Amino acid sequence: MPFRVREVQQTPNPNATKYILDRSISDRPMSFLDASSAQDHPVASLLFGIPGVSGLLLLDDFVTVNKRPEATWPPITNKVKRVLASIS
């Protein structure tokens with residue numbers, strides 16, 4: 001079932017953004033520090049396919065995405081929303 005991003009929140013870290021979802025994505029904290037650590041998680045592995053993504057935290061109804069310093073948020077945010085909406 002697809003996820004809908006209800007809100008995008010800035011964090012104190014300029015390289016991290018929090019995406020509030022319409023339902024829970026994980027009942028326990030799940031941190032992924034790189035793509036290899038996410039290879040067995042279907043959603044995290046798709047999010048790591050977005051250029052510039054360097055880390056993820058999934059918990060309850062949100063996903064926090066960390067980006068590389070040289071990456072910019074607008075293309076990442078658009079792709080995060082598309083990936084989450086494509087989950088079946």
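Every number here is computed from the coordinates shown, using simple stated rules; none is lab data. Please read these numbers as outputs of a predicted model, since none were measured by experiment. Cβ coordinates were reconstructed from backbone atoms using ideal geometry, including for glycine residues, and neighbour counts include every protein chain displayed.
Things to note:
- The single residue among 53, 63, 5 that is without any contact (Cβ under 8 Å) to a residue 40 or more places away in the chain, out of contact with any Cys (no Cβ under 6 Å at 6 or more places or on another chain) and closer than 18 Å to residue 85 by Cβ turns out to be 53.
- Some residue of region 9-16 being in contact (Cβ under 8 Å) with a residue 60 or more places away in the chain and small (Gly, Ala, Ser): no
- Residue selected from region 44-88 under the condition assigned to a strand (DSSP E or B) and aliphatic (A, V, I, L, M), by the criterion surrounded by the fewest Cβ atoms within 10 Å (Cβ to Cβ): 59
- Residue tally, condition aliphatic (A, V, I, L, M) and crowded, with 17+ Cβ neighbours inside 10 Å, over region 17-29: 2
- Scanning region 1-15 for residues being in a strand (DSSP E or B) and either of a type in the set (S, T, N, Q) or surrounded by fewer than 16 Cβ atoms within 10 Å (Cβ to Cβ) (or both) gives a total of 5.
- The residue pairs whose first member lies in region 30-43 and is crowded, with 16+ Cβ neighbours inside 10 Å, whose second member is hydrophobic (A, V, I, L, M, F, W, C) and not in a helix (DSSP H, G or I), and whose beta carbons are closer than 6 Å, counting only pairs six or more residues apart or on different chains, are 30/58; 32/56; 38/32.
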